[in-house]
Amino acid sequence: MTGRSSAKAPATRARILDAARRELGRDPDRSLGAIAEAAGVTRRTIYAHFAGRAALVEGLAADAGEAVRRASAVARAPTPDAVTSLARLVLTLWSVGDRYRTLITLAHRDLGPDRVGALLGPARDTVAGILAHGQRQGVFHTALPPGPLGRALEAHVLALLDSVNSGRWTDDGTAATTSALISVGVGPDLAATTVHRLRPSR
């Protein structure tokens with residue numbers, strides 16, 4: 001590979017992944033040929049970056065996992081207000097989930113539960129920490145310990161993302177985050193006020 005080609009490789013890879021995200025979002029069984037056409041490259045170029053469909057989906061998963069890791073790292077910064085911390089994290093993760101929501105459809109078929117667990121691990125750890133902090137503050141309910149409560153919250157948010165993915169609902173994360181706060185015991189008024197404060201233009 002020449003120096004010029006090598007310099008262009010990351011941009012080409014990113015263009016292929018972006019096309020795959022869009023095309024697989026429209027149809028999870030979209031062919032590599034269709035993805036190549038959408039990316040403006042040949043199938044041969046796709047194979048130069050990814051060994052096949054499985055590697056392409058894994059590339060999407062790796063990008064999504066890195067976005068989840070970055071969002072979780074920001075939310076892990078200490079703050080006295082657990083409600084705001086959780087709202088900010090859910091809003092950020094909603095944006096990530098919305099961008100990569102095709103992976104919800106592909107996850108168990110193409111990735112498997114272990115890989116999904118690894119991708120979501122940083123977010124799960126951060127959510128559990130925020131929930132534990134909020135339970136000590138008395139702002140989240142204590143019917144469940146932080147770990148199981150976090151997994152229930154995860155299922156709640158993923159179900160809402162799936163509703164958006166299937167066209168049954170539309171949301172920019174505002175309603176989903178408000179609902180998430182309420183599901184862990186925050187009063188409806190405080191939940192709505194907190195989200196509005198974080199997204200005042202909504």
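Tabulated results
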| item | result |
| --- | --- |
| Spin-label model distance (nm) - T79 vs A152, 7 Å beyond Cα toward Cβ | 2.3 nm |
| Note, ³J(HN,Hα) from phi for the stretch 64-72, Karplus 6.51, -1.76, 1.60, rounded to Hz, x at Gly and Pro | 5, x, 5, 5, 5, 4, 5, 4, 5 |
| Accessible-area ranking of I16, I104, largest first, probe 1.4 Å | I104, I16 |
| Per-peptide average of other Cβ atoms within 10 Å, ordering 107-114, 178-185, 59-66, 134-141 highest first | 178-185, 59-66, 134-141, 107-114 |
| Highest-fluctuation residue, V186, V41, V157 considered, GNM on the chain with Cα pairs under 10 Å | V41 |
| Rounded Å value of the spacing that divides the Cα centres of the stretch 26-71 and the stretch 144-161 | 28 Å |
| Accessible area per residue in Å² at 1.4 Å probe, computed on the chain | 51 Å² |
| Mean separation of Cα contacts under 8 Å (6+ apart) over length of the stretch 103-202, as relative contact order % | 22 percent |
| Sulfur and carbon atoms: percent of accessible area, the stretch 121-173 [1.4 Å] | 59 percent |
| The chain - mean residue ellipticity at 222 nm from DSSP helices (-39,500 (n - 2.57) per run, n ≥ 4, rounded to 500) | -24500 deg cm²/dmol |
| Cα long-axis angle, helix 3-26 against the chain (0 to 90 degrees, to the nearest 10) | 60 degrees |
| Relative contact order computed over the stretch 11-77 (Cα-Cα under 8 Å; 6+ residues apart), in percent | 30 percent |
| Residue among T193, F140, V127 farthest towards the positive dipole end of the stretch 46-202, charges placed on Cβ | T193 |
| Angle between the chain longest axis and helix 113-137 axis [Cα atoms, degrees, rounded to 10] | 20 degrees |
| Over the chain, relative contact order from alpha-carbon pairs under 8 Å, at least 6 apart, % | 20 percent |
| Label corresponding to mean projected area of the Cα convex hull in nm² when calculated from the structure given, among (1) 12.9; (2) 14.7; (3) 13.9 | (1) |
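The values are calculated or read from the model by the stated rules, or taken from the named source; none is laboratory data. Bear in mind that the values here come from a model prediction, so they are computed numbers and not experimental data. Every residue, glycine among them, receives a Cβ derived from its backbone with ideal geometry; neighbour counts consider all protein chains shown. Just the protein is used for accessible areas: all its heavy atoms, side chains included, with ligands, DNA and RNA removed. Shrake-Rupley method; radii C 1.70, N 1.55, O 1.52, S 1.80 Å.
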